[in-house]
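The values are calculated or read from the model by the stated rules, or taken from the named source; none is laboratory data. Nothing here was measured: the structure is a model prediction, and the numbers come from that model. Cβ atoms come from the backbone with ideal geometry, glycine included; neighbour counts cover every protein chain shown. Side chains are part of the model used for accessible areas, which takes the heavy atoms of the whole protein and leaves out ligands, DNA and RNA. Shrake-Rupley method; radii C 1.70, N 1.55, O 1.52, S 1.80 Å.
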Amino acid sequence: MAEVLNIEPALTVAESYWSGASWQQAAEAAVSGKSGAEDVAVEAPKRFEHTQDPYWLIPWGLALWKLGRHSDAAEALQKAGPNLDGCVEYLILKGMVLRQLPNGKPEALKAYQQALALDPNRSDIPYNIGNLVREDDPEAAEKAYRSSISLGNQSHLIWHNLGLAVNDLGR
């Protein structure tokens, strides 16, 4: 993997890929498995530092979340400040990360609600809201899961989680 290309001295195959990769490609690599997440966790911050493009924080945060490094992911995402508050993918990831932190649920819910306001037709947002609130408010979780289903989410997980919420309500 560390073969050197002849195009530029000391440019490895991985570095060559990263020099032309988009943040979206990096995000896809982050969820492709542990090695993909590890690569992205190393390379995305370099791309962010080099370009100062806040969208590079998304694959960086996603990779850290995938690796279970939730505090590091929150720290990386925080670098965006308000620059990505209009980006649905950023807000969903922010919610996913904050949910994993102690006392992070209120801010996670706020991020999901912002994302839902920006794109009310995405079925993954109410699904994530349902997962966030199910233990504390199974009635709100049921409503969120049903909303996700009405938006087209037919995953077996949505039906399973809806069943859990309804069971928690004693129905």
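For the stretch 50-71, the candidate set comprises residues that are among the small types (G, A, S) and under 16 Å from G95 (Cβ atoms); within that set, the residue that is least open to solvent (accessible area, probe 1.4 Å) is G61.
Of the numbered criteria (1) assigned to a helix (DSSP H, G or I); (2) at pLDDT 95 or above, the one G68 fails is (1). Taking the stretch 147-169 as the range and being open to solvent by less than 70 Å² (accessible area, probe 1.4 Å) and in a loop (DSSP other than H, G, I, E, B) as the test, the residues that pass are L151, G152, N153, S155, L169. Identification of helices (runs of 4 or more DSSP H) wholly contained in the stretch 72-146 with 1 or more residues that are among the aliphatic types (A, V, I, L, M) and open to solvent by 60 Å² or more (accessible area, probe 1.4 Å) yields 105-118. Can you name the number of the only condition in (1) touching a residue at least 40 places away in the same chain (Cβ under 8 Å); (2) over 22 Å from A63 (Cβ atoms) that K105 fails? Of everything listed in (1) touching a residue at least 40 places away in the same chain (Cβ under 8 Å); (2) over 22 Å from A63 (Cβ atoms), K105 misses just condition (1).
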